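Working notes, beginning with the structure itself.
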Amino acid sequence: MSSYREATRTQYLGNSNNKAIFAGAIDPDFRMAHNNPQGGYLNAILMDAVLQRAPGHRAVAFNAFFFKLSVVGPCIVELEELKTSKNGYCVSQVALKQLSTPTPLNTIDTYDPSAYITKLHTIITTTSRPDGFSFAPLENMQPIALDFNKMQPSKFGLTGGPNTLKIYENLDNQNKGEVWHAFEWPNGEPIDAKSIACFADISTVPRPFVHKDMMYAMRASLQFEVKYRVPPPKPTQRVLLKIVMENIVDGIMDADGWLFDQDGYLLGTARHHIALTEKKPSL
């Protein structure tokens, strides 16, 4: 079993066509249903590469587009800086790619871009600024973190189980389309921006969305975004996530999320667009 830090680590190999190339690997412990690697975890691999290229920066936001299913095994990260600002901001275009039969890339000299398939395309913004101007006239509309004591161990999780990630839940308001989760690394590892990327993409489905019309529906993430707040000074050991799913329109489910630390500080917000396509049961 790998720690999250190890499972998201990438190694810089060099540049190709003005793009930085990193080698990484998708860990089997970070899979969800149908053995698919968890989407937030994949974005964390990309973020590891970005933060290596921009030491001293913190994450501001990312917007991810899922092109094809990734599989467990070696992968590469292709990073291109689109814009750097004198105000300390950097916008990068980052892609996770794999060969049709994943094999490790050990040196930049053997890199053939045409052989790789893009699985995930993400725009990541970082900044070297510690903080900035704040104005929140509607702050009273922000959700308040749920008491962790009202949660219980979740019935679902990653394939690595609680030895990989501890997940808790509160489903008291699921009939309103609202669910709460809490997350902790089992080894007490501090929670960072890469961790938040993972947690923002983990949730059970509220009861109103579990019915016969969805029983055989295929769910695929189209777009997933996270906006980060300035990290609190106190280390984050637990993250609480509120997810609200309101409707399905034109085959797309929208879900909004809010992530808090153990003291109720808002760490960031998330938004998901999930496509649903009908799949007939096997006879």
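What follows draws every value from the coordinates through simple rules; no lab data is involved. Predicted model, so just to flag it, every value in this text is computed and none were measured. Note that each Cβ is placed from the backbone with ideal geometry, even for glycine, and that neighbours are counted across all protein chains shown.
Some observations on this one:
- For the peptides 244-253, 44-53, 57-66, the ranking by mean Cβ contacts within 10 Å, running from highest to lowest, is 44-53, 57-66, 244-253.
- Relative contact order of the stretch 142-278, defined on C-alpha pairs under 8 angstrom at six or more residues apart (%): 24
- A Stokes-Einstein calculation at 4 °C with viscosity 1.567 mPa s, built on the Kirkwood radius of the stretch 142-278 over Cα pairs, returns a diffusion coefficient of 84 µm²/s.
- Charge-dipole axis of the stretch 4-127 as Lys and Arg at +1 and Asp and Glu at -1 on Cβ define it, positive-most pick from M32, F65, L105: F65
- Relative contact order (percent, whole number), the chain, Cα cutoff 8 Å, 6+ residue spacing: 18
- Highest average packing first - 119-130, 144-155, Cβ atoms within 10 Å: 119-130, 144-155
- Here is how the number arises for the chain: DSSP H runs of 4 or more residues each give -39500 (n - 2.57), the sum is divided by the residue count, and the result at 222 nm is -2500 deg cm²/dmol.
- Peptides ranked, highest mean first, by Cβ atoms within 10 Å: ranges 267-273, 231-237: 267-273, 231-237
- Across K166/K194; K150/K242; K97/K227; K166/K242; K68/K227, pairs whose alpha-carbon gap is larger than 21 Å: K97/K227; K68/K227
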